[in-house]
Amino acid sequence: MVDEKPGLLLIGDATERMRARFSSEFTVHDSAASSVDQILASHADRIIAVATNGHDGIKPQIMAALPNLKIISCYGVGYDAIDANTAAKRGIIVTHTPNVLNDEVANTAILLLLGVARDFVANDAYVRAGRWSTDGNAPLSRSIHGMTVGILGLGRIGETIAEKLKAFGCKVVYHSRNRKPVDLTYYSDLKEMAQASDALICITPGGAATRHLVNEEILDALGPTGILVNVARGSVVDEAALVEALNSGRIGGAGLDVFEAEPVV
């Protein structure tokens, strides 16, 4: 018997709870279980929905191969991996989940800032390697209290990061395309903000407009004691320039939640 439920193409991971909900309304075609080409060859006409995450999105050729696609549901904040303009022209709805992750992405940004400033990862390795007893105490680390922290991209999550940083005694400044109605110092020039900051947190959208926005010039402006934190997209930072700056000591450290060629790091 042919399943009469419409088809849903699942791209990326999903929880069991999500899968159960999907299966109650759709015949789910999981790209992790079968190749997308095989799914399209057998089921393209029946698929009306795509569920994906902010990182995987949907490739243009897959969207083009689904003639009856009605909705692309992105269970993530960013949807730069989805060609929303083409979807709009075809009358395909694109949804995402703003606000859901504001607190946890902000917490991750602060965790990374603290982790780099206080050398948590290096000190953990120091203790596990038995060096405490042979080499003595690990070098002193830094406090983030009193740091000037520049936020690149003051959207919903950026504002949440700013609020949380105040509790740590940080001075928060920001750079974005437009000045926001907030009680924070605004820099229209990213390089000037980097020069004035002890740490730079990236939380700007991805895509062509922000690709390598943080480049060699910005890293040099941040300086040899500066800390870079990226919880935006890997494409926002010129990763090769960052590695070179770290190796040469032209930047103090980096806490990265995202990378240019995920999952290759």
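Data overview
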read-out	value
Residue that is nearest to residue 225 (Cα to Cα), among those in segment 174-198 that are open to solvent by less than 10 Å² (accessible area, probe 1.4 Å) and touching a Leu at 6+ places or on another chain (Cβ under 6 Å)	194
In segment 159-173, residue nearest to residue 233 (Cα to Cα) [restricted to those that are open to solvent by less than 20 Å² (accessible area, probe 1.4 Å) and aliphatic (A, V, I, L, M)]	161
Condition check for residue 137: open to solvent by 60 Å² or more (accessible area, probe 1.4 Å), under 24 Å from the mean Cα position of the chain (by Cα) and free of Cβ contacts under 8 Å to residues at least 40 places away in the same chain	no
So residue 177, is it closer than 22 Å to residue 81 by Cα and touching a residue at least 60 places away in the same chain (Cβ under 8 Å)	no
Subset of segment 39-83 (residues that are over 20 Å from residue 14 (Cα atoms), open to solvent by 30 Å² or more (accessible area, probe 1.4 Å) and part of a loop (DSSP other than H, G, I, E, B))	65, 67, 68, 70, 83
Qualifying residue in segment 229-249 (condition: open to solvent by less than 70 Å² (accessible area, probe 1.4 Å), touching a residue at least 40 places away in the same chain (Cβ under 8 Å) and more than 23 Å from residue 114 (Cα to Cα))	no
Residue 242 being of a type in the set (A, V, I, L, M), more than 22 Å from residue 55 (Cα to Cα) and modelled with pLDDT of 95 or more	no
Qualifying residue in segment 150-158 (condition: open to solvent by 70 Å² or more (accessible area, probe 1.4 Å) and over 17 Å from residue 254 (Cβ atoms))	yes
Strands (runs of 3 or more DSSP E) contained in segment 84-201 and holding at least 2 residues modelled with pLDDT of 95 or more and within 21 Å of residue 214 (Cα to Cα)	148-152, 171-175
Residue ID - nearest to residue 61 (Cα to Cα), chosen from residues in segment 1-38 that are open to solvent by less than 40 Å² (accessible area, probe 1.4 Å) and among the hydroxyl-bearing types (Ser, Thr, Tyr)	31
Restricting segment 204-228 to residues that are assigned to a loop (DSSP other than H, G, I, E, B) and in contact (Cβ under 8 Å) with a residue 40 or more places away in the chain, the residue that is most open to solvent (accessible area, probe 1.4 Å)	205
Residue within segment 105-116 that is open to solvent by less than 90 Å² (accessible area, probe 1.4 Å), on the phi > 0 side of the Ramachandran plot, touching a residue at least 12 places away in the same chain (Cβ under 8 Å) and touching a Ser or Thr at 6+ places or on another chain (Cβ under 6 Å) present	no
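The values are calculated or read from the model by the stated rules, or taken from the named source; none is laboratory data. Computed from a prediction, not measured in an experiment: that's the story for all the values here. Reconstructed Cβ throughout: ideal geometry from the backbone, glycine too, with neighbour counts over all protein chains shown. Accessible surface areas use protein heavy atoms only, side chains included; no ligands, DNA or RNA. Shrake-Rupley method; radii C 1.70, N 1.55, O 1.52, S 1.80 Å.
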